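The values are calculated or read from the model by the stated rules, or taken from the named source; none is laboratory data. Given the structure is predicted, the values throughout are model-derived calculations rather than measurements. Cβ placement follows ideal geometry from the backbone for every residue including glycine, while neighbour counts extend to all protein chains displayed. Heads up: the accessible areas ignore ligands, DNA and RNA and are worked out on the full protein's heavy atoms, side chains in. Shrake-Rupley method; radii C 1.70, N 1.55, O 1.52, S 1.80 Å.
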Amino acid sequence: PILPLFDAALFPKMVLPLVVMQGESIQLVDEAMAKDRQIGLVVSRKTTEENATPQESLHTVGTSAVILKMAKTQDNRAQLLVQGISRFQILDYVDGKPYLQARVEMIPEKEVDGTEIEAMMANIVRLFMRITELTPGLPPEIGNMAKSITEPGTLADMVVSTINTTTEEKQKVLELFDVRERLREVTRLINHQLEIVELGNKIQSQVKGDIDKS
């Protein structure tokens, strides 16, 4: 079963809260809860076509997920807490249900190691720690969490799911099955994010200084 995502992306091993409102999607959740609690989450493309097919309106790479918690509200909305399991690629869509279903191929995470990988991971952790120091909304413990991750692909996924990037940029990282390429892309994104945060703090300090003088 495929649940489209709007303005969010889920990565393997990460956790995401969701609110499901449409009737067919509620049925998808109910049936998943009665079986193995597993669903597929796929980011919706930015399309202006109203009658676009799933192939046109959804990306082809998504994340399988397990529903950790589900609660129904009085107006029959479903509040979910889901955790990513694995990347997958959609092969084709299957008819037979009011909601979307697809045959998918799971993408296993390939192990990589070496000095270059270690250096990229250390650099990402250093930059991420700096962002957590400068961003009031991020708890400092999250930097220590990044430090404790030993798998390169998981580190890249965790960092990009936390920093302030667009859904399209997150989807691009989700589609990078090559862990080395994924680390490079996340390094680029985190450098850009750190520049923005540092500049924002500099502007804030200047404004505060001007106010204090006044």
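Can you tell me which residues in region 181-214 are in contact (Cβ under 8 Å) with a residue 40 or more places away in the chain and in contact with a Gly (Cβ under 9 Å, 6 or more places away or on another chain)?
Across region 181-214, the qualifying residue is only LEU183.
Being outside any loop (DSSP other than H, G, I, E, B) and not aromatic (Phe, Trp, Tyr) is the filter here; which residues of region 123-135 pass it?
Answer for region 123-135, where residues must be outside any loop (DSSP other than H, G, I, E, B) and not aromatic (Phe, Trp, Tyr): ASN123, ILE124, VAL125, ARG126, LEU127, MET129, ARG130, ILE131, THR132, GLU133, LEU134.
Kindly indicate whether LYS35 is crowded, with 18+ Cβ neighbours inside 10 Å and among the basic types (Lys, Arg).
Details: crowded, with 18+ Cβ neighbours inside 10 Å: no; among the basic types (Lys, Arg): yes.
Spelling it out, it is not the case that LYS35 is crowded, with 18+ Cβ neighbours inside 10 Å and among the basic types (Lys, Arg).
May I ask you to say which residue of THR154, THR73, THR165 is surrounded by 15 or more Cβ atoms within 10 Å (Cβ to Cβ), without any contact (Cβ under 8 Å) to a residue 40 or more places away in the chain, within 30 Å of LEU28 (Cα to Cα) and out of contact with any His (no Cβ under 8 Å at 6 or more places or on another chain)?
Result: THR165 is the single residue among THR154, THR73, THR165 that is surrounded by 15 or more Cβ atoms within 10 Å (Cβ to Cβ), without any contact (Cβ under 8 Å) to a residue 40 or more places away in the chain, within 30 Å of LEU28 (Cα to Cα) and out of contact with any His (no Cβ under 8 Å at 6 or more places or on another chain).
Per-residue answers, yes or no, for (1) touching a strand residue (DSSP E or B) at 6+ places or on another chain (Cβ under 7 Å); (2) touching a residue at least 12 places away in the same chain (Cβ under 8 Å); (3) under 21 Å from GLU169 (Cβ atoms):
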position: VAL43; (1), (2), (3): yes, yes, yes
position: PRO54; (1), (2), (3): yes, yes, no
position: VAL61; (1), (2), (3): yes, yes, yes
position: VAL94; (1), (2), (3): yes, no, no
position: VAL104; (1), (2), (3): yes, yes, no
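Would you mention how many residues in region 1-37 are under 24 Å from ASP75 (Cα atoms) and assigned to a strand (DSSP E or B)?
9
Keeping to region 143-187, report how many residues are hydroxyl-bearing (Ser, Thr, Tyr) and touching an Asp or Glu at 6+ places or on another chain (Cβ under 6 Å).
Taking region 143-187 and keeping what is hydroxyl-bearing (Ser, Thr, Tyr), we get 148, 150, 154, 161-162, 165-167, 187.
From what is left, the residues that are touching an Asp or Glu at 6+ places or on another chain (Cβ under 6 Å) are 167.
Counting residues in region 143-187 that are hydroxyl-bearing (Ser, Thr, Tyr) and touching an Asp or Glu at 6+ places or on another chain (Cβ under 6 Å) gives 1.
Being under 18 Å from the mean Cα position of the chain (by Cα) and assigned to a helix (DSSP H, G or I), is that true of even one residue in region 107-122?
Pass one, region 107-122, residues under 18 Å from the mean Cα position of the chain (by Cα): 107-109.
Filter again for assigned to a helix (DSSP H, G or I), leaving none.
Looking for residues that are under 18 Å from the mean Cα position of the chain (by Cα) and assigned to a helix (DSSP H, G or I), one finds none in region 107-122, hence no.
Can you confirm whether region 88-102 contains a residue that is within 19 Å of VAL15 (Cα to Cα) and of a type outside the set (Asp, Glu)?
Scanning region 88-102 turns up at least one residue that is within 19 Å of VAL15 (Cα to Cα) and of a type outside the set (Asp, Glu).
Please determine whether any residue of region 123-132 is of a type in the set (D, E, K, R) and closer than 30 Å to GLY200 by Cα.
yes
Being in a helix (DSSP H, G or I), hydrophobic (A, V, I, L, M, F, W, C), modelled with pLDDT under 95 and out of contact with any Pro (no Cβ under 7 Å at 6 or more places or on another chain) narrows it down to one of LEU189, LEU138, LEU194, LEU155, so name that one.
Just one listed residue meets the conditions, LEU194.
Every residue in region 171-186 that is part of a loop (DSSP other than H, G, I, E, B) and surrounded by 13 or more Cβ atoms within 10 Å (Cβ to Cβ), please.
Residues satisfying the conditions are GLU175, LEU176, PHE177.
Considering only residues that are in a strand (DSSP E or B), open to solvent by 50 Å² or more (accessible area, probe 1.4 Å) and in contact (Cβ under 8 Å) with a residue 24 or more places away in the chain, which ones fall in region 76-92? Talk me through it step by step, then tell me what you get.
Of all residues in region 76-92, those in a strand (DSSP E or B) come to 78-92.
Then keep just the ones that are open to solvent by 50 Å² or more (accessible area, probe 1.4 Å); that gives 79, 81, 83, 85, 89, 91-92.
Within region 76-92, GLN79, LEU81, GLN83, ILE85, GLN89 meet the criteria.
Quick test for you: out of SER64, SER57, pick the one residue that is open to solvent by 20 Å² or more (accessible area, probe 1.4 Å), among the polar types (S, T, N, Q) and touching a Lys or Arg at 6+ places or on another chain (Cβ under 9 Å).
SER57
Just wondering, is there one or more residues in region 6-25 that are surrounded by 14 or more Cβ atoms within 10 Å (Cβ to Cβ), among the small types (Gly, Ala, Ser), out of contact with any Ser or Thr (no Cβ under 8 Å at 6 or more places or on another chain) and under 15 Å from TYR99 (Cα atoms)?
Within region 6-25 (the criterion being surrounded by 14 or more Cβ atoms within 10 Å (Cβ to Cβ), among the small types (Gly, Ala, Ser), out of contact with any Ser or Thr (no Cβ under 8 Å at 6 or more places or on another chain) and under 15 Å from TYR99 (Cα atoms)), the answer is yes, since at least one residue qualifies.
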